Amino acid sequence: MQQSNFYHACHLTRHKVHSRDRPFTCPVCGKGFSARSSVRIHQLTISVLMILLLM
Ligand SMILES: [Zn+2]
């Protein structure tokens, strides 16, 4: 189950994040960002990693 392992690791990277300073959150792992563009970059990174893991 590489997919679930990835989600777990992604969540653990920023488990204790203060949402008030980072109003934009990733819908996948809940990681917070101070800018919407940062969320998009993060999600693109996830997509690439998912493809690499599933290959
Ligand atoms: Zn995420």
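Which members of the chain meet the condition of being at pLDDT 65 or above, in a helix (DSSP H, G or I) and under 9 Å from the mean Cα position of the chain (by Cα)?
Val39, His42, Gln43, Thr45, Ile46
What pairs can you find where one residue is in the stretch 20-35 and in contact (Cβ under 8 Å) with a residue 12 or more places away in the chain and on the phi < 0 side of the Ramachandran plot, the other is more than 8 Å from the ligand (Cβ to nearest atom) and among the polar types (S, T, N, Q), and their Cβ atoms are less than 6 Å apart, with a gap of 6+ or different chains?
The qualifying pairs are Arg22/Ser34; Gly32/Ser19; Gly32/Thr25.
Mind checking which residues of the stretch 31-55 are touching a Phe, Trp or Tyr at 6+ places or on another chain (Cβ under 6 Å) and either surrounded by 13 or more Cβ atoms within 10 Å (Cβ to Cβ) or over 22 Å from Asp21 (Cα atoms) (or both)?
Residues satisfying the conditions are Phe33, Val39, Leu53.
Which count do you get for residues in the stretch 36-55 that are near the ligand (Cβ under 9 Å from one of its atoms) and in contact (Cβ under 8 Å) with a residue 24 or more places away in the chain?
Within the stretch 36-55, residues that are near the ligand (Cβ under 9 Å from one of its atoms) and in contact (Cβ under 8 Å) with a residue 24 or more places away in the chain number 1.
The values are calculated or read from the model by the stated rules, or taken from the named source; none is laboratory data. Given the structure is predicted, the values throughout are model-derived calculations rather than measurements. Here Cβ is always computed from backbone atoms with ideal geometry, including for glycine, and neighbour counts include all displayed protein chains.
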